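The values are calculated or read from the model by the stated rules, or taken from the named source; none is laboratory data. This is a predicted model, so every value here is computed, not measured. Virtual Cβ from ideal backbone geometry, glycine too; neighbours counted across all protein chains shown.
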Amino acid sequence: MMLADLLASLFPDGHEIANENGVLLGSAPLGRTGKALVIGVSGKAAVGVDEALRISGFVLASLGTGSGPILVIVDSDSQRMSKRDELLGLNEFLSHLAKCLIYADMHGRPTIGILYGHSAAGAFLATALATRVLVGLPGAEPVVMDLPSMSKVTKLPIDILEQKAKSTPVFAPGLQNLAQTGAVHLVWDEKASLAEQLDGLIRTLPDAEDRRDQLGRDRTGRMKAAEIAERVYALAVTP
């Protein structure tokens with residue numbers, strides 16, 4: 001889906017969203033649910049220090065001026081692979097962006113990620129996955145870590161990882177695998193009104209407690225994470 005089509009279906013009454021070199025900043029009416037802040041990355045732009053600062057600053061500036069949801073629209077490359085960004089501490093800037101979204105979500109601005117294109121690695125973690133819930137459009141291409149990179153980290157041959165990916169979603173990129181692990185809350189129907197689907201999601205939005213591990217267990221995509229998290233929590237609170 002193209003960005004213009006996405007925005008037209010999400011906001012049939014129009015919007016005030018600027019696209020500056022792939023960075024989306026603005027707002028849009030949501031009919032019965034008021035007004036949303038809209039941020040994001042488009043056109044498969046990489047997320048570097050400058051992009052992370054602009055988006056996080058826009059989020060922080062909005063906290064005292066509204067109470068509607070924050071929509072994070074994503075079609076990005078990975079984080080920017082440049083010497084400048086790395087020397088400036090890109091990991092800290094991406095972390096700052098993620099924490100700004102989480103902070104906003106904890107203080108009355110529920111965050112919803114909308115993945116309509118590609119996203120990978122640090123850019124994916126700091127935008128789409130930093131929201132309370134993430135929805136995907138058919139054809140979206142999320143990748144936390146591709147198999148060649150995973151092979152370098154795990155020291156396992158790619159052919160073994162490819163075999164594991166067929167039966168274990170946590171080893172595999174792609175929208176359906178991320179949905180099965182619980183990372184993607186819903187996959188929307190692109191042929192239906194996205195405005196109506198968004199309205200339905202906002203009215204049934206889960207609370208801010210992160211239950212993606214439980215969702216992954218229910219969908220048989222991540223069977224151990226919820227149990228381990230519950231055991232760790234129990235040990236932490238036991239005197």
**OP:** Sort through Ser27, Ser56 and tell me the only one that's buried (at least 16 other Cβ atoms within 10 Å of the Cβ) and either in contact with a Cys (Cβ under 7 Å, 6 or more places away or on another chain) or among the acidic types (Asp, Glu) (or both).
**Re:** Ser56
**OP:** Report, ordered by the first and then the second residue, all pairs with beta carbons closer than 8 Å, sequence separation of six or more or different chains, a first member in the stretch 136-156 that is over 18 Å from Leu115 (Cα atoms) and in contact (Cβ under 8 Å) with a residue 12 or more places away in the chain, and a second member that is surrounded by 13 or more Cβ atoms within 10 Å (Cβ to Cβ) and not hydrophobic (A, V, I, L, M, F, W, C).
**Re:** Leu147/Glu162; Leu147/Pro173
Original post:
Given the conditions (1) within 16 Å of the chain's Cα centre (by Cα); (2) within 18 Å of Arg203 (Cβ to Cβ); (3) among the hydrophobic types (A, V, I, L, M, F, W, C), and given that Val41 satisfies all but one, which numbered condition is not satisfied?
Top reply: (2)
Original post:
Which members of the stretch 187-217 meet the condition of being in a helix (DSSP H, G or I) and small (Gly, Ala, Ser)?
Top reply: Ala195, Gly200, Gly216
Subject >> Hits in the stretch 120-130 - residues which are touching a residue at least 60 places away in the same chain (Cβ under 8 Å) and touching an Asp or Glu at 6+ places or on another chain (Cβ under 8 Å) >> reply: Ala123
**OP:** Could you identify the single residue in Asp105, Asp75 that is of a type in the set (D, E, K, R) and not in a helix (DSSP H, G or I)?
**Re:** Asp75
Subject >> Unmet criterion (only one of (1) free of Cβ contacts under 8 Å to residues at least 12 places away in the same chain; (2) over 15 Å from Arg132 (Cα atoms)) for Glu209 >> reply: (2)
Original post:
Residues Pro169, Pro142, Pro148, Pro173: which one is surrounded by 19 or more Cβ atoms within 10 Å (Cβ to Cβ) and modelled with pLDDT under 90?
Top reply: Pro169
**OP:** Can you confirm whether the stretch 118-127 contains a residue that is in contact with a Lys or Arg (Cβ under 9 Å, 6 or more places away or on another chain), outside any helix (DSSP H, G or I) and of a type outside the set (Gly, Ala, Ser)?
**Re:** yes
Original post:
From the list Thr181, Thr204, which residue is out of contact with any helix residue (DSSP H, G or I) (no Cβ under 8 Å at 6 or more places or on another chain), under 28 Å from Pro69 (Cβ atoms) and β-branched (Val, Ile, Thr)?
Top reply: Thr204
Original post:
Looking at Leu7, is it within 26 Å of Ser193 (Cβ to Cβ) and among the hydrophobic types (A, V, I, L, M, F, W, C)?
Top reply: yes
Subject >> Count of residues meeting criterion [touching a helix residue (DSSP H, G or I) at 6+ places or on another chain (Cβ under 9 Å) and either within 25 Å of Leu205 (Cβ to Cβ) or modelled with pLDDT under 90 (or both)] in the stretch 59-77 >> reply: 13
Subject >> Every pair of residues 6+ apart whose Cβ atoms lie under 7 Å, when the first sits in the stretch 31-42 and is part of a loop (DSSP other than H, G, I, E, B) and loosely packed, with under 14 Cβ neighbours inside 10 Å while the second is modelled with pLDDT under 95 and not hydroxyl-bearing (Ser, Thr, Tyr) >> reply: Gly34/Gly68
Subject >> Search result, residues across the stretch 46-80 that are of a type in the set (Gly, Ala, Ser) and out of contact with any strand residue (DSSP E or B) (no Cβ under 6 Å at 6 or more places or on another chain) >> reply: Gly48, Ala52, Ser56, Gly57, Ala61, Gly64, Gly66, Ser67
